[in-house]
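Here the structure comes first, spelled out in structure tokens, and everything after it is commentary.
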Amino acid sequence: MGQTDTSRRSFLKAGAAFSGALVLGVDFFKPTRAMASDEEKFAPDAFIRIAEDDKVTFVMSQVEMGQGIYTSISMLLAEELDVPLSAVKLEAAPPNDKLYGNPLLKIQMTGGSTSMRAYWLPMRRAGAAARSMLMAAAASQWGVDAKECATDSGAVLHRPSGRTARYGSLVRLASTQPMPKDVPLKDPKDFKLIGTPARRLDTPDKVNGSAKYGIDARPPGVRIATLRTSPVFGGTIKGVDDRAARAIPGVSQIVVLDDLVAVVGDTYWSAKKGLEALVVEWDDGVHARLDSPKIWDAMRKAAATDGLVAAQTGTGAEGLEGDGIVESAYELPFLAHAALEPMNCTVDLRPDACEIWVGTQVITLAQKIAAKVSGLKAEQVIVHNHLIGGGFGRRLEVDGIGTAVRIAQQVKGPVKIIWSREEDIQKAMYRSVLHNRMTAHLEGGKVVAWRHRVVAPSILARFAPPAFKNGIDDDAMEGATEPPYEFPNMRAEYVRHEPEGIPTAFWRGVGPNGTVFAVESFIDRLAKAAGTEPASFRRGMLQKNPRALRALDVVLEKSAWSQPLTAAGPGERVGRGLSVLSAFGSFIAAVAEVAVSQGGNVRVTRLVCSVDCGFITNPDTVIAQMQGGMIFGVTAVLHGAITIEDGRVQQSNFNDYRMLRIDETPNIEVHLIRNSEDPGGIGEPGTAAVQPALANAIYAATGVQVTQLPVDRRLIAIEKS
């Protein structure tokens, strides 16, 4: 690797001894000076600390929320440092965008399926630089040429003389070595860890119960609170009768704010019972008559207007007139994240400091909101980040942390706020309703013109304003602006529409979970109109996209696409559906097989996918993420919907906001395509890819195309005479 290969995001810095250890930092944004002394306070971006006892400590800037990133990024480091994976100990990084910012996102954030894409080179370079300095130290100590030295399992070797030195014995001398400028990375053929299955580092603690999630935080003297907010977004409290609540054993305090009431107790149970005993009178506010039909009417009116052009090829949409025009619209509902770990945040607010225990995907934003609400300076806010029991985008938001600090302002001592499942589902930040209007011109069985109009809010405009440029939300448009297929004339348009009264947020799969559903569903509609089999129709438009074509061919082979399906039950209609996804830097093809009963019940019998996510670090993680993402997507297709009536969310818990059950979960086959391309994202593509594949399978089985999610079983039922 030459010096010109080192990007401005990945300069290395190293320096003197740090408490008897070799410390190496990675500055992803600009070069910085080396450390100067033991005593100097130093907080590198993502650093390695090798102690004299041979322990390697890695301060992890990304948060583990089930995606396996603790293990995969550690594998990158351990590979180039040449230590066993078991030798790496992890510590969660404190908040600091400048030092720990995600190289792709520019803030300290875990999301967007970016972790491996962002850290593939920086972590390897950090490990390689540390290894080079250790070899230089050993060579200096032995009086030999460093080129004669090698490393193995945490030791430097000098094979001509047979000498060895453990890393720990070299750290002080290594710390005095000059920072290497031109460190070669390992040739992939020499990898020992990268590309091999590795057991996850966080599994043992999760199995034995010692793993600490945000909800497990228990600072001394902590009390537990739970809360209720207005059932209508924007509503306020008119009055509270708390006499019965105060009589509940264990209830110690009632906190009444303008828009919420919280009950503080010795335990969650006492706080919950106290909350149930409260009599609260609400002022519903301006959204008291809001309902789903009104929201959809506004969305469809917006879809009738021309959008801003986000991408265009050829003559754009000029060919969309005359014979051969096919049109369709595809709509997706509000969705909650419904993570297994309930929303929670523990706060100890003192006059001169605020200490927070939470699991968050955006630790610096958590620090900022706590400082804003408390009136303290950011440096006075200490955030302890924990394992996350499911994020899916919900823990990219810090509204709950702000609420927790507001409650803590009224409570003496530490308080842990836990949202009930009902409060979480009914007053959340939702995946927005989405509308995709599709138009294509077929001529001679081929698409000669294509227009995709996306109607969606802009999460970026609120979440990251600098990323919202020229009125276009690039996240909302991903999957529409660069579909995997080649169209001679194509236009992708964006119509920004914010649904009234409902806060919206990122949801697993972000933009592509809406756009890919529309593109791939419409492709099947066009294939039928052209009288062409869906796989062949796609192949004809993928000739200039070899990675997507390869993914398609693999999944067709592995799913036995050309073989007929047989019904397992009497009266069942069976079908296969296909989708191709090019997003997050990855290429996915998925096949779903379904059996549909006469009453319209859908049974997913098999899912098969092929995955090209570039160079694979841990294949076990890729397989697990695809399985989890596909289950998440199937849940959305069959069950997922948040609906509004009289300003109120109608769903409340897992009884009416259904998750896929174990007995509904099909066999899932994941086939990995190995290559040496740069890594792509894998946490979200499975969710986005499986939804249209499943909808297309239902289309194949019933002849009824699913244009609105979740599936309306009445539309695919066979009426009895």
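The values are calculated or read from the model by the stated rules, or taken from the named source; none is laboratory data. Every value quoted in this text rests on a predicted model; they were computed, and no experiment measured them. Cβ placement follows ideal geometry from the backbone for every residue including glycine, while neighbour counts extend to all protein chains displayed. Calculation scope for accessible area: heavy atoms of the full protein, side chains included, ligands and nucleic acids excluded. Shrake-Rupley method; radii C 1.70, N 1.55, O 1.52, S 1.80 Å.
A few notes on this one:
- Selected residue [in contact with a Cys (Cβ under 9 Å, 6 or more places away or on another chain), of a type in the set (A, V, I, L, M) and either at pLDDT 95 or above or open to solvent by 50 Å² or more (accessible area, probe 1.4 Å) (or both)] from Ala689, Ala717, Ala695, Ala701: Ala689
- Segment 305-324, subset part of a strand (DSSP E or B) and more than 30 Å from Ala636 (Cβ to Cβ), residue least open to solvent (accessible area, probe 1.4 Å): Thr313
- The residue list Met109, Met179 contains one member that is within 32 Å of the chain's Cα centre (by Cα) and either polar (S, T, N, Q) or part of a loop (DSSP other than H, G, I, E, B) (or both), which is Met109.
- Summed over segment 119-161, residues that are within 25 Å of Tyr70 (Cβ to Cβ), part of a helix (DSSP H, G or I) and either among the charged types (D, E, K, R) or without any contact (Cβ under 8 Å) to a residue 40 or more places away in the chain (or both) total 3.
- Residue within segment 439-461 that is of a type in the set (Ser, Thr, Tyr), under 19 Å from the mean Cα position of the chain (by Cα) and either under 19 Å from Gly531 (Cα atoms) or crowded, with 16+ Cβ neighbours inside 10 Å (or both) present: yes
- Test result for Arg395, open to solvent by 30 Å² or more (accessible area, probe 1.4 Å) and either over 30 Å from Leu320 (Cβ atoms) or assigned to a strand (DSSP E or B) (or both): no
- If you go through segment 575-622 and keep only what is of a type in the set (S, T, N, Q) and assigned to a strand (DSSP E or B), you end up with Ser579, Ser582, Ser586, Thr605, Ser610.
- Output for segment 201-215, where each listed residue is under 12 Å from Gly389 (Cα atoms) and assigned to a helix (DSSP H, G or I): Lys206, Gly214, Ile215
- Residue in segment 277-300 that is over 30 Å from Gln708 (Cα atoms), touching a helix residue (DSSP H, G or I) at 6+ places or on another chain (Cβ under 8 Å) and open to solvent by less than 50 Å² (accessible area, probe 1.4 Å) present: yes
- Counting the residues of segment 325-364 that are among the small types (Gly, Ala, Ser) and part of a strand (DSSP E or B) gives 3.
- Residues in segment 222-250 that are within 20 Å of Ile418 (Cβ to Cβ), assigned to a strand (DSSP E or B) and open to solvent by less than 20 Å² (accessible area, probe 1.4 Å): Ile224, Ala225, Thr226, Leu227.
- Number of positions in segment 533-574 that are over 31 Å from the mean Cα position of the chain (by Cα) and part of a helix (DSSP H, G or I): 2
- Pairs where the first residue, in segment 416-428, is outside any helix (DSSP H, G or I) and the second is of a type in the set (Lys, Arg) and open to solvent by 20 Å² or more (accessible area, probe 1.4 Å), C-beta under 9 Å, 6+ apart: Lys416/Arg218; Lys416/Arg223; Ile418/Lys272; Trp419/Lys427; Ser420/Arg228; Ser420/Lys272; Lys427/Arg228
- Residues of segment 493-514 include none that is assigned to a loop (DSSP other than H, G, I, E, B), within 25 Å of Gln312 (Cβ to Cβ), hydrophobic (A, V, I, L, M, F, W, C) and open to solvent by less than 20 Å² (accessible area, probe 1.4 Å).
- Checked against the criterion of being of a type in the set (S, T, N, Q) and open to solvent by less than 30 Å² (accessible area, probe 1.4 Å), segment 659-670 has no qualifying residue.
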